[in-house]
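Everything below concerns the one structure shown next.
Just so you know, all these numbers are worked out from the coordinates, no wet-lab data involved. What you see is a predicted model; the values in this text were computed from it and never measured. FYI the Cβ positions are ideal-geometry reconstructions off the backbone, even for glycines, and counts take in every protein chain you see.
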Amino acid sequence: MTIIRADTLGFCPGVRMAVRAAEDAAGGNPGSPVFILGQIVHNPRVSARLAELGARELPSMDGTGAPSGSVVVIRSHGTTPATLENLRASGARVVDATCPKVAANQRAAADYARKGCTVVIAGDHGHGETLGVAAHAPGSVIVSTPAEAALVEARGAVALVAQTTMSEEEYEAIRAVLAARFPELIDRGGICGATRDRRAALARLCVRVDAIVVVGGRNSANTRRLVEYARSLGKPAWHVESADEIPAEVGRYGRVGLTAGASTPDEVIDEAERRLGEL
Ligand code: SF4
């Protein structure tokens, strides 16, 4: 079997920065309990390593209950203003590892809301980043499909902001519906270049291989999107969280492409490559 890696894959800059911030916090605060607000990334291996270093998930996602004097790391997805307020009120020290691109979307959404716009966030319901951006823009609405965009009720101008990991196609489909209904639509965009780069690399990879293996946490939205994208390009694709989940049937293919979501650590990708080599 020939194994070809995507030329861009795995940790994006924002996730790499957040994981490093969490590792530093875990190792650099002896005597203070260190917590992460939620999973630092949607990858069980990373969570386990941080737990070994002494950084655990804070039991609440709203920032309440953090012990005074503890250190709480905000992941790259960011969080809500109310959660930050709760953390500070409880006496915790906050290490804010919100990705600068997510923070820029938060600021833009807040700014539009302040100006009286109806802020629409194109993203996944329940996704931490999207909920955080929405919370910065009171009165905003999250839409994940064109059908939902068709139901948006607007007061004043409408401003559209993207979840950073949305695909361009999904965003464009939502934007088109809103633009038809609200010709003055403010199109802020906000999809991250790292997401685009991984999809473009996957498209290049798909023309060179017979099948694709995508490594990443099962809860990782961007990993799932890579799997869907490979399938939409006509390739059989498997989503695995770790090397031992790669099914033997992958061994039937002569050329197999390997890619990974933005929350997948380098060593997990290396292990998947070694496992493919054994098939
Ligand atoms: S995908 Fe982009 S916006 Fe999201 S954490 Fe990574 S670098 Fe930041």
Query raised in the report: Any idea what the relative contact order of the chain is, in percent, if you count C-alpha pairs under 8 Å spaced at least 6 apart?
Result: 21 percent
Report task. Neighbouring Cβ atoms within 10 Å as the yardstick, rank 12, 206 fewest first. Result -> 206, 12
Report task. Be a star and scan the range 227-266 for residues whose amide nitrogen sits under 14 Å from the point 7 Å along the Cα-to-Cβ vector of residue 45. Result -> 240-246, 259-266
Query raised in the report: To the nearest 20 debye, what is the magnitude of the charge dipole of the chain about its Cα centre, counting +1 on the Cβ of each Lys and Arg and -1 on the Cβ of each Asp and Glu?
Result: 400 debye
Query raised in the report: By the scheme Lys and Arg +1, Asp and Glu -1, what is the net charge of all other residues having a beta-carbon under 14 Å from that of residue 112?
Result: +2
**Report entry** Global form of the range 13-98, assessed from the alpha-carbon gyration tensor, a/c cut-off 1.5
**Finding:** oblate
Query raised in the report: Given a Förster distance of 25 angstrom, what is the FRET efficiency for residue 2 paired with residue 197, based on the Cβ-Cβ distance and rounded to 0.05?
Result: 0.60
Query raised in the report: In a solvent-free Debye calculation with one equal scatterer on each Cα, what is log10 I(q)/I(0) for the range 125-229 at q = 0.10, 0.12, 0.15, 0.22 Å⁻¹, listed in the order of the q values?
Result: -0.33, -0.47, -0.70, -1.23
Report summary line: Taking a ≥ b ≥ c as the square roots of the eigenvalues of the Cα gyration tensor, with a/c under 1.5 meaning rounded and otherwise prolate when a/b exceeds b/c and oblate if not, the chain is oblate
Query raised in the report: Considering the chain as a Gaussian network with a 10 Å cut-off on Cα pairs, which listed residue, 267, 168, 228, attains the greatest mean-square fluctuation?
Result: 267
**Report entry** Simple Cβ-charge dipole of the range 101-191, Lys/Arg +1 and Asp/Glu -1, about Cα centre, in debye nearest 20
**Finding:** 440 debye
Requested in this report: Would you list the P(r) distribution for the range 1-154, with all Cα-Cα distances sorted into 5 Å bins from 0 and each bin expressed as a whole %?
Outcome: 2, 9, 16, 18, 17, 13, 10, 7, 4, 2, 1, 0
Report task. Could you pull out the trypsin sites (Lys or Arg not before Pro) across the range 73-157 that fall in loop regions by DSSP (anything but H, G, I, E, B) with no more than 16 other Cβ atoms inside 10 Å? Result -> 115, 155
Query - the range 64-114, relative contact order in percent, only Cα pairs under 8 angstrom and at least six apart counted - result: 42 percent
Query - Local net charge near residue 159, Cβ-Cβ under 15 Å (Lys/Arg +1, Asp/Glu -1) - result: +3
Query raised in the report: Ordered by packing density, taken as the mean number of other Cβ atoms within 10 Å over each peptide's residues, highest first, how do 142-153, 184-195, 207-218 rank?
Result: 207-218, 184-195, 142-153
**Report entry** Calculated [θ] (222 nm, deg cm²/dmol) that DSSP helices of n ≥ 4 give over the chain, each run adding -39,500 (n - 2.57)
**Finding:** -13000 deg cm²/dmol
Requested in this report: Excluding residue 6 itself, calculate the net charge of residues whose Cβ lies under 11 Å from the Cβ of residue 6, where each Lys or Arg counts +1 and each Asp or Glu counts -1.
Outcome: +3
